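Single-structure report; data block below.
Since every read-out is calculated from the coordinates, none of them should be taken as a lab result. No experiment lies behind these values; they were computed from the predicted model shown. Cβ: placed from backbone, ideal geometry, glycine included. Neighbour counts: every protein chain shown.
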Amino acid sequence: MFRAAARRFATAAQPRISEAGKKILEAEAATAKASDANGNLWIKITWFVGAPCLLLTTANAYYLFAEHQAHIAGKEPEVVPYSYMNIRNKRFFWGDGNHTAFFNPAVNAVPEE
């Protein structure tokens, strides 16, 4: 019973904070305020610098890709049948067995039989 009463009175009173403790709390409050300002700065840098840079580089890549596609449109790539290319020791088990899994007839040369 004595312990319960001691605990009740111990938690009911306001804790006493020493001068050193007050200085620590003030320093923590100042650090929190500075970190909030610093965090807000980086959020603004991300949205007002990073996002426009990302959009500009995306647009640049798109226009370069479109220019390249217009340049190569209608041109067949020259295929040189080197001896080390398209070696088939065993046929692939899909399709006709002569095309790889990532074969694209618009881009890749058709291997000879």
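Calculate the spin-label point distance for Glu28 paired with Leu64, positioning each point 7 Å from the Cα along the beta-carbon direction, and give it in nanometres.
5.1
Figure the gain on full extension for Cys53 and Asp96 (residue separation times 0.36 nm, minus the Cα-Cα span) and round it to one decimal in nm.
10.8 nm
For Tyr63, Tyr84, which order do you get if you count the other beta carbons within 10 Å of each Cβ and list the fewest first?
Least to most surrounded, the residues fall as Tyr84, Tyr63.
How much length would be gained if the chain were fully extended between Ile17 and Val79, taking 0.36 nm per residue of separation minus their Cα-Cα distance, in nm to one decimal?
Gain in length upon complete extension: 14.0 nm.
Enumerate the calculated ³J(HN,Hα) couplings along segment 18-23 in order (Karplus 6.51 cos²θ - 1.76 cosθ + 1.60, θ = phi - 60°), each rounded to whole Hz, writing x wherever the residue is Gly or Pro.
Values, residue by residue: 6, 5, 5, x, 5, 5 Hz.
Which shape class, rounded, prolate or oblate, goes with segment 16-72 when its Cα gyration tensor gives a ≥ b ≥ c as root eigenvalues, a/c under 1.5 marks rounded, and past that a/b bigger than b/c marks prolate?
prolate
Could you please report the charge total around Glu26, scoring K, R as +1 and D, E as -1 over all other residues with beta-carbon less than 15 angstrom from its beta-carbon? Before the final figure, lay out the partial values.
Values: positive: Lys22, Lys23, Lys33; negative: Glu19, Glu28.
Here the charged neighbours net out to +1.
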